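First the structure, in the form of structure tokens, and then the observations on it.
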Amino acid sequence: MKNTFTLIEKELRLYFISPIAYVVAMVFLAVSDFLFYNQIQYFSGLSLRMMQFQNHLPELNIHDAVFRPTLFNMSIILLLIMPLLTMRLFAEEKKEHTNELLMTSPITITQIVFGKFIAALTVYSLLLLLSLHVPLMLSVAVEISWKPLFASYLGLFLMGAVFLAMGLFASALTENQIIAAVISFGILIGLWMVGASAHTAGETTLGQVANYLSMSGHLDQFVKGLISSRSLVYFISMTALGLFLTHRVVESQRWK
Amino acid sequence: MIAVKHLGKRYGEVIAIDDVSFTVDKGEVLAFLGPNGAGKTTTMRILTCFMPATSGTALISGYDIFEDPMEIKRRIGYLPETPPLYPEMTVTEYLSFVAKIKGLSKSDQTTGLALSLEKTGLGDVSNRLIGNLSKGYRQRVGLAQALIHNPDVLILDEPTVGLDPRQIIEIRELIKGLAGEHTIILSTHILPEATAVSQKVVIINRGRIVAVDSQEQLSSHVRKSEKIALRLRRGGAETPQKLNAIEGVLRVTPQSVSGDSESSYLVESNLGEDIREQLSKTVVESGWGLLEMKPLVLSLEEVFLQLTTEEQGVAEATPENKTQLAQ
Ligand SMILES: Nc1ncnc2c1ncn2[C@@H]1O[C@H](COP(=O)(O)OP(=O)(O)OP(=O)(O)O)[C@@H](O)[C@H]1O
Ligand SMILES: [Mg+2]
């Protein structure tokens, strides 16, 4: 426990020293603000037209009209930028030979993997918290339904955990950060796209499996405001799978 | 303290080390001497539990590398071939991190940090970024990292490689100062380095141990000249003199041989000088009847030929005139 904490602290220190985390945060916030802004424009235009037409405020729900499409689009931005948060984690240790220090110190591989994962998850959570400024600002002017918003953010958080675990796995495979990022793009896009193949496969067993494996489908549940245990289990087990694979790869590299 | 028993390691088809065994007593310095690719790094990585051996095992402070890796990791300080540094951290940040993962208590962290900074002479740069330090200073940070938890055993992989002569001497003095308190294994491919810092030298070549020797015995193996064995049909009393006159010949020693009509000589010449052509010319012109001429190479010498037997600059930069150089 103490060791894991030391490792988290070290990873966070390196995150805040390097410019990558800041660049990722800036890009993410800029794009997500832009998405929000666009959707709000659209929503207010719609409300205005409906008001003129019906002479009273429409029964439009801000969650469905603004947050749901925006947060869903945000997940695609995350898909593109999250590999940048994880690519360094193992690749750089190998390149700088610091893995020789870690692996010859009295700490376990599990502690190393968790240290890195929790540090990355902390940085990601900060990103999500920062993106909450839009709903908070809107809440001054509009009635916001917090429950579905909470469910949406929970979904984004869990989905991010899967992204990070898979990115960690990709980083453990190579010493080259760029290759690590490309591999994790590949894995994430693959997980995202199985949903599309589910449509083509239809109601066959294969289609159902593909549907269950598809991340976008599960995220959509949360963004709708539903916390389904099926999707919860999906995200948590995919995260566990990523971390398990990472552990196996790091362990197996000792034998080479 | 350290007992290495029949260690073997293969990388697929490549046999990196084969049946390596040796022991190191408490407080002793052992130099692991061998040319490039001999298997020094591989052996050290196995001893530090970085990678498992394919066969054999080793005991360190009574713990087995396979059964108690955690206990061994607590007791070992390791300086890998490339110092394992985070360039973005300052020296103090880095060493504090190492102290924590080595499992030191809060108070031991503080004393360990202060002591390792002092021993390696890093006090002045403790708040500098590691990435901005010179190679010599980075090597010292690597050494400080290995020392911070005051380990029983220090394993140092080529600790002086890439340093300038003055830094080499400083690091060697430091290592000598650490002996006694710590048991040390260090690797090198430089013969004078092995004899300068250690009581015991293990020579390894192509993954096998060639010799285990004390310092004095070792220096007797070092060749100071090229040796050629010469056998003649009709050598005479004037032969040694005439041979001696050839340019580059240091010494001619007549050898006793069975058979009355033959004579045999050992001709020594300056290291690295090939006198065979001149030699044969003289023999033929004198009509001595050349029977045999072959360069003598001892089995150990074959290895020595690949080792660096002289060091540029280090001999001059002895500790006494070190201050002169620094100016
Ligand atoms: N990861 C690896 N995969 C395959 N072969 C390897 C690997 N690491 C080392 N070897 C081989 O094992 C042998 C021993 O290598 P090792 O690095 O232990 O030598 P060394 O004595 O440390 O040499 P140097 O003085 O160059 O550092 C070499 O033939 C090397 O090519
Ligand atoms: Mg080596």
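For B:GLY34, all conditions in the list (1) over 21 Å from B:GLY162 (Cα atoms); (2) within 16 Å of ligand 2 (Cβ to nearest atom); (3) in contact (Cβ under 8 Å) with a residue 40 or more places away in the chain hold save one; what is the number of the exception?
Exception for B:GLY34: condition (1).
Where in the range A:24-103 are there helices (runs of 4 or more DSSP H), lying fully within it, with 2 or more residues that are of a type in the set (S, T, N, Q)?
Details: elements: A:68-86, A:88-95, A:98-103.
Counting at least 2 such residues, we get A:68-86, A:98-103.
Name the one entry in B:LYS100, B:LYS106 that is over 22 Å from B:PRO159 (Cβ atoms), surrounded by fewer than 14 Cβ atoms within 10 Å (Cβ to Cβ) and within 14 Å of chain A (Cβ to nearest Cβ).
Residue meeting the stated conditions: B:LYS106.
Checking B:ARG128 against (1) open to solvent by 20 Å² or more (accessible area, probe 1.4 Å); (2) closer than 25 Å to B:ALA31 by Cα; (3) more than 16 Å from ligand 1 (Cβ to nearest atom), only one condition comes out false. Which one?
It is condition (2) that B:ARG128 fails.
Condition first: farther than 23 Å from A:ILE109 by Cβ, part of a loop (DSSP other than H, G, I, E, B) and either open to solvent by less than 40 Å² (accessible area, probe 1.4 Å) or within 11 Å of ligand 1 (Cβ to nearest atom) (or both). Now tell me which residues in the range B:13-49 satisfy that.
Passing the criteria: B:GLU13, B:GLY27, B:GLU28, B:GLY34, B:PRO35, B:ASN36, B:GLY37, B:ALA38, B:GLY39.
Every residue in the range B:1-31 that is within 14 Å of chain A (Cβ to nearest Cβ), more than 14 Å from ligand 2 (Cβ to nearest atom) and either aliphatic (A, V, I, L, M) or under 12 Å from the mean Cα position of the chain (by Cα) (or both), please.
B:VAL14, the sole residue that qualifies.
Give the residue, chosen from B:THR82, B:THR42, that is hydroxyl-bearing (Ser, Thr, Tyr) and farther than 28 Å from A:ARG13 by Cβ. Outline the logic, then answer.
Values: B:THR82 fails: farther than 28 Å from A:ARG13 by Cβ.
Every option except B:THR42 fails the conditions.
Within the range B:45-57, can you find the residues that are of a type in the set (A, V, I, L, M) and more than 10 Å from chain A (Cβ to nearest Cβ)? Give the steps one after another, and end with the answer.
Narrowing the range B:45-57 to residues of a type in the set (A, V, I, L, M): B:46-47, B:51, B:53.
Answer for the range B:45-57, where residues must be of a type in the set (A, V, I, L, M) and more than 10 Å from chain A (Cβ to nearest Cβ): B:ILE46, B:ALA53.
Do we have B:ILE60 as more than 8 Å from chain A (Cβ to nearest Cβ) and in contact with a helix residue (DSSP H, G or I) (Cβ under 7 Å, 6 or more places away or on another chain) here? Break it down stepwise before answering.
Values: more than 8 Å from chain A (Cβ to nearest Cβ): yes; in contact with a helix residue (DSSP H, G or I) (Cβ under 7 Å, 6 or more places away or on another chain): yes.
Taking the combined requirement at face value, the residue satisfies it.
Give the residue that is surrounded by the most Cβ atoms within 10 Å (Cβ to Cβ), with candidates limited to residues of the range A:89-114 that are under 10 Å from A:GLN177 (Cα atoms) and within 11 Å of another protein chain (Cβ to nearest Cβ). If you could, list the steps in order and put the result at the bottom.
Filtering the range A:89-114 down to residues under 10 Å from A:GLN177 (Cα atoms) leaves A:89-92, A:95.
Filter once more, keeping what is within 11 Å of another protein chain (Cβ to nearest Cβ): A:92, A:95.
On the way: A:GLU92: 20, A:LYS95: 14.
If we take residues in the range A:89-114 being under 10 Å from A:GLN177 (Cα atoms) and within 11 Å of another protein chain (Cβ to nearest Cβ), then A:GLU92 is surrounded by the most Cβ atoms within 10 Å (Cβ to Cβ).
Go through the residues of the range B:69-90 one by one and say whether even a single one is in contact with a Gly (Cβ under 6 Å, 6 or more places away or on another chain) and either outside the structural domain of B:ILE204 (by TED's automatic domain parsing) or within 16 Å of ligand 2 (Cβ to nearest atom) (or both).
Within the range B:69-90, one or more residues are in contact with a Gly (Cβ under 6 Å, 6 or more places away or on another chain) and either outside the structural domain of B:ILE204 (by TED's automatic domain parsing) or within 16 Å of ligand 2 (Cβ to nearest atom) (or both).
Does at least one position in the range B:80-93 carry a residue that is within 13 Å of ligand 1 (Cβ to nearest atom), open to solvent by less than 40 Å² (accessible area, probe 1.4 Å) and touching a residue at least 12 places away in the same chain (Cβ under 8 Å)? First the steps, then the outcome.
Taking the range B:80-93 and keeping what is within 13 Å of ligand 1 (Cβ to nearest atom), we get B:80-82.
Right, trim to open to solvent by less than 40 Å² (accessible area, probe 1.4 Å) and you get B:80.
Adding the requirement that they be touching a residue at least 12 places away in the same chain (Cβ under 8 Å) leaves B:80.
Yes, that holds for at least one residue.
Could you name every one of the helices (runs of 4 or more DSSP H) located completely within the range A:154-233 that has at least 2 residues being within 28 Å of A:ILE109 (Cα to Cα)? Give the steps one after another, and end with the answer.
Details: elements: A:177-201, A:205-213, A:215-224.
The helices (runs of 4 or more DSSP H) meeting that bar are A:177-201.
Kindly provide the set of residues from the range A:115-150 that are touching a Leu at 6+ places or on another chain (Cβ under 7 Å) and open to solvent by less than 40 Å² (accessible area, probe 1.4 Å), ordered by number.
Applying the first criterion (touching a Leu at 6+ places or on another chain (Cβ under 7 Å)) to the range A:115-150 yields A:115-117, A:119-124, A:128, A:130-131, A:135, A:144.
Hits for the range A:115-150 are A:GLY115, A:LYS116, A:PHE117, A:ALA119, A:ALA120, A:LEU121, A:VAL123, A:TYR124, A:LEU128, A:SER131, A:PRO135, A:ILE144.
Going by what's in this entry, would B:LEU113 be described as touching a residue at least 24 places away in the same chain (Cβ under 8 Å) and either within 16 Å of ligand 2 (Cβ to nearest atom) or surrounded by fewer than 19 Cβ atoms within 10 Å (Cβ to Cβ) (or both)?
Judged against the criteria, B:LEU113 is not a match.
Looking at the structure I just gave you, is B:GLY123 within 16 Å of ligand 2 (Cβ to nearest atom) and open to solvent by 10 Å² or more (accessible area, probe 1.4 Å)?
no
Right, B:GLY77: open to solvent by less than 20 Å² (accessible area, probe 1.4 Å), within 14 Å of chain A (Cβ to nearest Cβ) and within 17 Å of B:ILE175 (Cα to Cα) or not? Working first, answer last.
Numbers: open to solvent by less than 20 Å² (accessible area, probe 1.4 Å): yes; within 14 Å of chain A (Cβ to nearest Cβ): yes; within 17 Å of B:ILE175 (Cα to Cα): yes.
Taking the combined requirement at face value, the residue satisfies it.
Across the range A:64-80, what is the number of residues that are surrounded by fewer than 21 Cβ atoms within 10 Å (Cβ to Cβ) and under 12 Å from A:LEU138 (Cβ atoms)?
1
The values are calculated or read from the model by the stated rules, or taken from the named source; none is laboratory data. Note that the structure is predicted; figures quoted are calculated from it, not measured. We place every Cβ from the backbone using ideal geometry, glycine too, and count neighbours over all the protein chains shown. Protein only, heavy atoms only, side chains kept; ligands, DNA and RNA dropped before computing areas. Shrake-Rupley method; radii C 1.70, N 1.55, O 1.52, S 1.80 Å.
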